Amino acid sequence: MSALQSRAALNDFTIKLANVNGTGSSSANGLLMKAIFRMGIPVVGKNIFPSNIQGLPTWYEIRVTEKGYHGRSGDVHLMVAMNAKTYTQDLAELSPGGVLLYDSTWPHPEFMNRSDITVIGVPFARMCNGAFKAARSRILMKNMAYIGSVVALLDLDMKVIHELVREMFAAKPKLIDLNLQALTLGFDHVKEHFDGTLDIKVEARDLTTGKIMIDGNEATALGCVFGGATFGAWYPITPSTSIMDGFTKYCRMFRVDPETQEHKYCIIQAEDELAAAGMVVGASWNGARAFTPTSGAGISLMSEFIGYAYYTEIPMVLFDVQRTGPSTGMPTRTQQCDMQICAYASHGDTCHILLFPSQPQECFEMAAQALDLAERFQTPVFVLSDLDIGMNDWMVDALSWDDSYQPDRGKVLSKTDLEKMDKFHRYLDVDGDYIPYRTLPGTDPKGAYFTRGSGHNKWGSYTEEGQEYKELVDRLRNKWASAADKVPAPVLKASKGSSNYAILSVGSCDGAVIEACDRLEAQGVHLDYMRVRGFPFCQQVEDFIDAHDTVFVIEQNRDAQLLNLLLVETNVAREKLVPILHYSGEPLDYRFVFQALHEALALRKTA
Amino acid sequence: MSSFAKPLIRRKDAPTNDLGLIRADYDGAMSTLCAGCGHDSVTAGLTRAFFELSIAPHKAVKVSGIGCSSKTTAYFLGQSHGINTVHGRMPAVATGAVAANSALSYVGVSGDGDSLSIGLGQFVHAMRRNVNMLYMLENNGVYGLTKGQFSAAADFGASSKKGEINEQPPLDPVSLALSVGATFVARAFSGDKDQLVSLIKAGLKHKGFALIDVISPCVSFNDHKGSTKSYAHAYKYYHPAIHADYVPVGKEITAAYQAGELLPVEMHDGGTLQLRKLQNGYDPRDRARAMAKVFETKDSDETVTGLLYIDETQKDMHALNRMEARPLNEIPYAELNPGADKLEALQKKFR
Ligand SMILES: Cc1ncc(C[n+]2csc(CCOP(=O)(O)OP(=O)(O)O)c2C)c(N)n1
Ligand code: SF4
Ligand SMILES: [Mg+2]
């Protein structure tokens, strides 16, 4: 066993379930995870799925972590191998001392080649074919049967499982008995045929009170509803689609007049991302709080409008749930690969405000913050989450809302304001804060102005005069820079000892980085850690880098995009920044970070 | 400079509209288009129509794409909000704007390049959504602003100023609009101001997407012999089929027509549209007949103009989305926030 692999322990191990997609396995796997969560033990769930509807390999990973870490472990202690096509790979991935559970309807003697694992065969297909008639239910019930076996192996509370099954099929009560029967099949078989003891055990705790399990897209959708967004335009793209599914669901729940059935919102599925972006521009220009969810390919298409909104100073909120690029890339795999394109999206001199949530609860908060910032600064604001955050269920603190919140609609002049004014000029920096006033159509004849993406001066008129042009774009640069203190502040985790080394990271790397830090700390290696949450970077980020000799910049892309942004936008010394890059498309695990830091530090010590 | 302020001269005897405003109150900046450009006549038509309909300038919104035609939104209704968007993408911006506030009058101005090449997708989808707006497609068969390349509307066999012959079939906005379910489809010619103004008025009053394809000659790049979008060609072949007069509620119909000649269409605001047949057997409420008529004349030189199709009964985007009448930007946050207790309650399912 490599020094980095760790054995399973009570309430501390990882289950990986290998399935074929389109067979209904993911709801069964979700149920398993939820059961452990309800037993009071923190969990981490990762769905690793193909860009396909039926027939390709898919994995679901459940990490049971009493310590409540957010990242993956990098180990697999129990492999539930239900896909014959991936047996070889699944077998190889199993950590020493691990357990392999497979469908022994078809024998696989090669599993015995590994003497360092326990192999448990249960004839799931045979049992289900005997017990269920319909072809589809034979496939579906096999999922419940293996869950039953896992329940037996882990000592899970069957009562909790039953309760979840009842909730899951509340609308289709006929299915409850079938599912319970399948659970029992798998459970009984293990109880009858297996009497060894395993490391992988679950014992109830009380560590999940006040917590919820939610994915980032659902949380984002809720953030948009609570943040007061009334208009959304979109074009379907994985992994962002469920943001609009969620927004639609919650608008139907909360924004339909019970008497008239009329909507207090508008959602348009556009013909493409260009149109979606244009619709958001139009709605925002006209005073609605508007957003669009998308992923990298969509950002490429939206770029012309992003530059337009930047130059004409129209609020716009974009949620980019990043997936692996370039081009179509691996659409169902995660990455942090759009930071650079979003920072400077569109031709000409452009720079944008970015927010980086690290988990769903931050998605919720940052959605509302993004709506405020976009209207305050009259410019596009991007929230960059990723597939891992957006589509996986995360255990986070329950969401809460302060009802005294009032949206910051920014500097919009009312009819009374206009009546008091001599003359309105759209792009004049009246307050010296780089932010001009705007007016909405229909307010008052005095408020009328002409919005154009062509050269314009501070009076709002067309110009081709170099000086007038420069004055305006210089103000835009200053306006952008002034957002540095208004974007969410970085989060600092100081090490216990003093350290010349530090880590700077972003978004969904957080869980794995924190855990790697803790483990290094336990070995006496001290690293300060800062997680950036906004762009433009605030002074604290630069100060943090200045205060250390070496800063490892950990991110999930090939080209060190965060590191590059730091080099471009701060005065830090290039040689201080050392990239640690993960870009396989799978969510980051602490072992990767630990190992990379370990090696980098060893190298530095011997040098 | 692309626009100059126009001095507002108020003559004492200038006629006023129902709001007490004069024509000049509907002017915009001075046009910088070539002298004689068809687009300027369309601008004049829009100015007159808004004035005559007594629409308060600040209750109108102008949206456009990019091109000589799209520039013209700066040249009328200087007291209205206007937004010159990006090339070919005006329909999306208009869609978002209309969604946010349907209480204003929207006019979109575009060109044949803007709408039929780069923006074809958005143009078609705005019609499918039946966005409540008037859409002026100022059609000159070329890209004026980039100096005379053929547009997708260039007719088969037409020659360019440089002498090239177009051998690709044209995209006809009218048949396109009919085939994707547009609810108001008209064709006009910038040289026939009266017809144009009455169509603009009807289009503004139509609830839903109103397309007016206006033959609007480009004097600099497409007004030569061999062009099928020249003034000479348009004057020779254009053929009014249906005349449309918008009559507001309570106003008398003054013109005298022969019995059976008039087809009244009730408009959403209570006014009436008086359709006058200029050709026998044509009914602009019949999509199939409209299609047939347009196709029959496609291969001839004849250009049928007028209100070719109207359906006042379809739901517009607002109705399709079941939106309330109040503009989205006027709904107070208190009505949008479900409240902390609701958030708490809904999270049971996440536990
Ligand atoms: C993305 C993009 N590509 C190209 C252009 C250059 N361009 C400006 S106007 C135009 C054609 C306009 O033609 P049309 O809509 O027919 O307007 P007209 O000038 O004929 O009235 C083109 C190609 C642009 N502005 N943006
Ligand atoms: S180039 Fe043609 S379309 Fe453009 S302004 Fe001149 S005449 Fe009009
Ligand atoms: Mg043109």
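Average partner chain C-beta neighbours within 10 Å, per residue of A:253-260? Numbers along the way, then the final one.
Values: counts 3, 8, 5, 2, 3, 0, 0, 3.
Mean shielding by partner chains, rounded to a whole number: 3.
From the C-alpha gyration tensor of segment B:76-148, pull out the three semi-axes of the equivalent ellipsoid (sqrt of 5λ each), sorted largest to smallest, in whole Å.
Value: 21, 15, 9 Å, ordered largest first.
Quick check on segment A:12-193: take the gyration tensor over C-alpha atoms, sort the square-rooted eigenvalues as a ≥ b ≥ c, and tell me if it's rounded (a/c under 1.5), prolate or oblate.
rounded
Classify segment A:226-287: rounded, prolate or oblate, from the alpha-carbon gyration tensor (a ≥ b ≥ c, eigenvalue square roots; a/c under 1.5 rounded; otherwise prolate if a/b is larger than b/c)? Intermediate results must be reported in sequence, preceding the final value.
Working: a/c = 2.19, a/b = 1.39, b/c = 1.58.
The shape class here is oblate.
Sorted by mean Cβ packing within 10 Å, highest first, what order do the peptides A:310-316, A:113-119 take? Could you put the intermediate results ahead of the total?
Details: A:310-316: 24.6, A:113-119: 13.9.
Those peptides, ordered most packed to least, come out A:310-316, A:113-119.
Round to the nearest 0.05 the FRET efficiency obtained for residue A:543 and residue A:327 when R0 = 41 Å and r is the Cβ-Cβ distance. If you can, show how the numbers build up before the last one.
Numbers: r = 39 Å, r/R0 = 0.94.
Approximately 0.60, to the nearest 0.05.
How much of the DSSP beta bridge set in the protein assembly as shown is antiparallel, as a percent to the nearest 5? Each step should come with its number before you reach the end.
Numbers: 51 of 136 bridges.
Antiparallel bridges: around 40 percent, rounded to the nearest 5.
Summing -39500 (n - 2.57) over the DSSP H runs of n ≥ 4 in the protein assembly as shown and dividing by its residue number, what mean residue ellipticity at 222 nm do you reach, to the nearest 500 deg cm²/dmol? Intermediate results must be reported in sequence, preceding the final value.
Values: 31 runs with 331 residues, N = 958.
Counting only the DSSP helices, I get -10500 deg cm²/dmol.
How far apart, in nm, are two points set 7 Å out from the Cα along the Cα-to-Cβ line at residue A:108 and at residue B:156?
6.3
For residue A:333, which sequence-distant residues (separation of 5 or more, or a different chain) have an amide H within less than 5 Å of its own amide H, given hydrogens modelled in the peptide plane?
Excluding prolines and chain starts, which carry no amide H, the hits are A:324.
May I ask which of B:161/B:201; B:71/B:229; A:415/B:193 have a Cα-Cα span longer than 26 Å here? Intermediate results must be reported in sequence, preceding the final value.
Details: B:161/B:201 35 Å; B:71/B:229 20 Å; A:415/B:193 36 Å.
Exceeds cut-off: B:161/B:201; A:415/B:193.
Nearest 5 percent is fine: what portion of the DSSP beta bridges confined to chain B is antiparallel? List each step's numbers first, then the result.
Working: 21 of 52 bridges.
Taking every DSSP beta bridge with both residues in chain B, the antiparallel ones total about 40 percent.
Regarding chain A, what are the three Cα extents along the principal axes, ordered largest first, in Å?
88, 71, 41
Which helices of chain A meet both criteria: a Cα extent of 27 Å or more along the helical axis and a mean Kyte-Doolittle score no lower than 0.0, with helices taken as whole DSSP H segments? Provide the component values of the computation, followed by the final result.
Details: long enough: A:135-154 (29 Å, 0.92); A:174-193 (30 Å, -0.03).
Within chain A the helices that satisfy the rule are A:135-154.
Once amide H atoms are placed 1.01 Å from N in the peptide plane, what residues at a sequence separation of 5 or more from residue B:238, or on another chain, have their amide H within under 5 Å of its amide H?
Excluding prolines and chain starts, which carry no amide H, the hits are B:303.
For residue A:581, tell me the accessible area in Å² from a 1.4 Å probe, rounded to the nearest 10.
It works out to around 40 Å².
What is the packing order of peptides B:204-217, A:343-356, taking the mean over residues of other C-beta atoms within 10 Å and listing the highest first?
Working: B:204-217: 26.9, A:343-356: 20.7.
Going by the mean number of other Cβ atoms within 10 Å, highest first, we get B:204-217, A:343-356.
Distance in nm between label sites at residue A:489 and residue A:469, each 7 Å beyond Cα in the beta-carbon direction?
So the label points at residue A:489 and residue A:469 sit 4.1 nm apart.
Can you pull the mean other chain C-beta count within 10 Å for peptide B:315-325? Write out the running numbers ahead of the final one.
Working: counts 0, 0, 2, 2, 0, 0, 6, 7, 6, 9, 2.
For peptide B:315-325, the averaged partner shielding equals 3.
Once you average over the residues of B:54-61, how many Cβ atoms of partner chains fall within 10 Å of each Cβ? Before the final figure, lay out the partial values.
Values: counts 0, 0, 2, 2, 9, 3, 3, 6.
Mean shielding count: 3.
How far is it, in nm, from the label point at residue B:179 to the one at residue B:313 when both lie 7 Å from their Cα along the line to the Cβ?
Placing both labels 7 Å along Cα→Cβ, they lie 2.5 nm apart.
Relative contact order of segment A:490-534, please, whole-number percent, based on alpha carbon pairs below 8 angstrom and at least 6 residues apart.
Details: 64 pairs, mean separation 28.9, N = 45.
It comes to 64 percent, rounded to a whole number.
Kindly state, to the nearest 0.05, the FRET efficiency for residue B:194 paired with residue B:326, given R0 = 45 Å and r defined as their beta-carbon distance.
Working: r = 38 Å, r/R0 = 0.84.
The formula returns an efficiency of 0.75 here.
For q values of 0.15, 0.20, 0.21, 0.24 Å⁻¹, compute log₁₀ I(q)/I(0) with the Debye formula on a Cα-only model of segment A:447-528, without solvent.
Taken in order of the listed q values, log10 I(q)/I(0) reads -0.68, -0.93, -0.98, -1.10.
Is the C-alpha gyration tensor of segment A:415-484 telling us rounded, prolate or oblate? Criteria: a/c under 1.5 is rounded; beyond that, a/b larger than b/c is prolate, otherwise oblate. All intermediate terms of the calculation are to be shown ahead of the outcome.
Values: a/c = 2.22, a/b = 1.41, b/c = 1.57.
Because a/c hits 1.5 or more and a/b fails to exceed b/c, segment A:415-484 counts as oblate.
Taking a point 7 angstrom from the Cα of residue B:235 along the C-beta vector, which residues in segment B:301-323 have backbone N less than 19 Å away?
Output list for this probe position: B:301-305.
Quick one: which of A:214-220, B:169-175 comes out on top by average Cβ neighbours within 10 Å, and what's the full order, highest first? Write out the running numbers ahead of the final one.
Values: A:214-220: 28.7, B:169-175: 19.7.
Order by mean packing, descending: A:214-220, B:169-175.
Which loop trypsin sites (Lys or Arg not before Pro) in segment A:464-531, with loop taken from DSSP, have no more than 10 other Cβ atoms within 10 angstrom of their Cβ?
Working: sites: A:470, A:475, A:477, A:479, A:486, A:493, A:496, A:519, A:531; in loops: A:486, A:496.
When the trypsin sites (Lys or Arg not before Pro) of segment A:464-531 are filtered for loop state and at most 10 Cβ neighbours within 10 Å, A:496 remain.
Nearest 10 degrees, 0 to 90: what angle lies between the long axis of helix B:90-100 and the longest principal axis of chain B (Cα atoms)?
Relative to chain B, helix B:90-100 is tipped by roughly 30 degrees.
Once R0 is set to 56 Å, what does the formula 1/(1 + (r/R0)^6) return for the Cβ-Cβ distance between residue A:478 and residue A:136, expressed as a FRET efficiency to the nearest 0.05?
Values: r = 62 Å, r/R0 = 1.11.
Result of the calculation: an efficiency of 0.35.
Sort out the exposed loop GluC sites (Glu not before Pro) in chain B (DSSP loop, at most 16 other Cβ within 10 Å) and tell me the longest stretch that has none. Intermediate results must be reported in sequence, preceding the final value.
Numbers: sites that count: B:164, B:167, B:252, B:261, B:302, B:312.
Of all site-free stretches, the longest is B:1-163.
Specify the inter-centroid distance of segment A:111-163 and segment B:159-179, based on alpha-carbon positions, in whole Å.
Answer, in whole Å: 66.
Which residue fluctuates most in the GNM of chain B (Cα springs below 10 Å): B:107, B:180, B:197?
Among B:107, B:180, B:197, the largest GNM mean-square fluctuation belongs to B:180.
Using amide H atoms built 1.01 Å from N in the peptide plane, name the residues 5+ places from residue B:61, or on other chains, whose amide H lies under 5 Å from its own.
B:105, B:106, B:107
If you take every DSSP beta bridge whose two residues both sit in segment A:491-606, what share of them, in percent to the nearest 5, is antiparallel? Walk me through the numbers on the way to the answer.
Numbers: 3 of 18 bridges.
The antiparallel fraction comes to roughly 15 percent.
What's the extension gain from residue A:89 to residue A:498 if we count 0.36 nm per residue and subtract their Cα-Cα distance?
Values: separation 409, 0.36 × 409 = 147.24 nm, distance 4.25 nm.
Contour length minus the Cα-Cα distance gives 143.0 nm.
The values are calculated or read from the model by the stated rules, or taken from the named source; none is laboratory data. Please read these numbers as outputs of a predicted model, since none were measured by experiment. Note: ideal-geometry Cβ built from the backbone for every residue, glycine included; neighbour counts use all protein chains shown. Areas reflect the complete protein model, heavy atoms only, side chains present, ligands, DNA and RNA absent. Shrake-Rupley method; radii C 1.70, N 1.55, O 1.52, S 1.80 Å.
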